[in-house]
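The structure is given below, and queries will be raised subsequently.
The values are calculated or read from the model by the stated rules, or taken from the named source; none is laboratory data. Since we're looking at a predicted model, the values are computed, not measured. When we count neighbours, we look across all protein chains shown, and the Cβ atoms used for this are built from the backbone with ideal geometry, even at glycine. Accessible surface areas use protein heavy atoms only, side chains included; no ligands, DNA or RNA. Shrake-Rupley method; radii C 1.70, N 1.55, O 1.52, S 1.80 Å.
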Amino acid sequence: MNYDTILSTTNNGITTITVNRPNKLNALNKATIGELHGAFKAAGKDKDTKVIIITGSGEKAFVAGADISEFADFDVKNAEKLAAEGQKMLFDYIENLSTPVIAAVNGFALGGGLELAMACHFRVASTNAKMGLPEVSLGVIPGYGGTQRLPQLVGKGRAMEMVMTAGMIDADKALEYGLVNHVTPQEELIALAEKIAGKIMRNSSVAIKGAIKAINANYKDGIDGYNTEIKQFGKCFGTEDFKEGTTAFLEKRKAEFPGK
Ligand code: COA
């Protein structure tokens, strides 16, 4: 599939999606959001893709936010529509994918860029990464889930301070806050994400799918996460992966999961 604003390549079970507007610091415009949706949808359905990594093109930015030039003259109605459609099409979509998604934050992750990274299942960052939600400095608030996911990841007080000050934190602070799981020099970032992906791929993809659902259930209104866990736990016992995993353990060999 050919895209104008992103790249997508699949190798050894990993699909790497790269936001590719380096001259605009990979800012998310409407076309990019549409293409990202298409690429995540395709990767999520692709039997050969076990893990998805998303990163930004160039050495400066992961994604420097939603494209400000596109919404500068929106009215109230258009703005609501932009946030609602974006959340549904991309940010919630990624969070609810059953294929694990790792954000490799290789530079600025601001506004919609940090929101994109936060919608992923977890994040790794390069030492030069800078993260923040600067929206209030533009007279607006985060609209792609930032006010919800940032406090989930770093706690309410830190989220309040980050949003109110519109400030940026560096990679070490993001690590301390639990916003990213690992920090590494930029030239080693993709290799690190791929190494973690490799560990994930050794395990049962159907069990991982159930785990993602159960963990996400904790953050959904009106859904009992413990009950979701019980259901997903039970479901595993009807899978070929469970048979293979337990049999391999008892036979003292490495499991070869069929992914069913
Ligand atoms: N939307 C649209 N264009 C953006 C953008 C965004 N969010 N972020 C960067 N760009 C564009 C700049 O307009 C510039 O384009 P130009 O060369 O055609 O003028 C290009 O990307 C390079 O950015 P520049 O500002 O020159 O780089 P810098 O190194 O001086 O500063 C940042 C980097 C990230 C600090 C600065 O670009 C910035 O503050 N961006 C906006 C961040 C933001 O507020 N995001 C939240 C949006 S809701």
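Which of Glu80, Glu95, Glu135 moves most in a GNM of the chain, Cα contacts under 10 Å?
Comparing Glu80, Glu95, Glu135 in the GNM, the peak value goes to Glu80.
Moving on to the next point. With viscosity set to 1.002 mPa s and temperature to 20 °C, compute the Stokes-Einstein D of the range 68-187, Rh being the Kirkwood radius across alpha carbon pairs; µm²/s, no decimals.
Translational diffusion coefficient: 147 µm²/s.
Right, next: Expressed as a whole percent, how much of the Cα-Cα distance distribution for the chain exceeds 26 Å?
Taking all Cα-Cα pairs of the chain, the fraction more than 26 Å apart is 41 percent.
In the full protein assembly as shown, how much of Thr165 is accessible to a 1.4 Å probe, in Å² to the nearest 10?
Surface open to solvent at Thr165 totals about 90 Å².
Right, another one. Over the range 6-201, what is the relative contact order in whole percent, taking alpha-carbon pairs under 8 Å and six or more residues apart?
Worked out over the range 6-201, it gives 20 percent.
Report the semi-axes of the equivalent ellipsoid for the range 68-120 in whole Å, largest first, where each axis is √(5λ) for an eigenvalue λ of the Cα gyration tensor.
Equivalent ellipsoid semi-axes, largest first: 23, 15, 6 Å.
Still on this structure, please answer the following. How large is the accessible surface per residue of the chain, computed with a 1.4 Å probe and reported in Å² as a whole number?
About 54 Å² of surface per residue is accessible.
Continuing with this model, one more query. Output the pairs from Lys41/Lys260; Lys41/Lys77; Lys77/Lys213; Lys45/Lys220; Lys45/Lys130; Lys24/Lys77 with a Cα-Cα distance over 30 Å in this structure; if there are none, say none.
Those over the limit are Lys77/Lys213; Lys45/Lys130.
Starting from the Cα-Cα distance between Val76 and Phe249, subtract it from 0.36 nm times their residue separation and give me the gain in nm to one decimal. Before the final figure, lay out each step's value.
Values: separation 173, 0.36 × 173 = 62.28 nm, distance 5.79 nm.
The Val76-Phe249 span can extend by a further 56.5 nm.
Over its Cα atoms, what ratio of radius of gyration to 2.2 N^0.38 Å does the range 123-255 give?
That ratio works out to 1.36.
Continuing with this model, one more query. On a full-extension model of 0.36 nm per residue, what is the gain between Asn181 and Lys41, subtracting their alpha-carbon distance, rounded to one decimal in nm?
On the way: separation 140, 0.36 × 140 = 50.40 nm, distance 2.52 nm.
Net length gain for the segment: 47.9 nm.
By a straight-distance test (C-alpha under 13 Å), which aspartates and glutamates pair with Lys60 as possible cross-link partners, with residues fewer than eight away in the same chain excluded?
Cα-Cα hits under 13 Å: Glu187.
Would you work out what percent of the accessible area of the range 1-93, with all protein chains in place, is carbon or sulfur (probe 1.4 Å)?
50 percent
Keeping the other protein chains in place, figure out the carbon and sulfur percent of the accessible area of the range 98-240, with a 1.4 Å probe. Please list the in-between numbers first.
Numbers: 3950 of 7070 Å².
Whole-percent figure for carbon plus sulfur exposure: 56.
A further question follows. Each label point is 7 Å from the Cα along the Cα-to-Cβ direction; what then is the distance between the points at Asn216 and Asn11, in nm?
Going from the Asn216 label point to the Asn11 one covers 2.9 nm.
Can I ask one more? In the chain, what percentage of the DSSP-assigned beta bridges are antiparallel, given to the nearest 5?
30 percent
Let me ask another. Quick check on the range 205-250: what does the Kirkwood estimate of hydrodynamic radius come out to from the alpha carbon pairs, in Å?
Over the range 205-250, the inverse of the mean reciprocal pair distance is 11.2 Å.
Right, here's the next one. Mind checking which lysines have their C-alpha under 19 Å from Lys195, skipping anything on the same chain fewer than 8 residues away?
Partners found: Lys50, Lys254.
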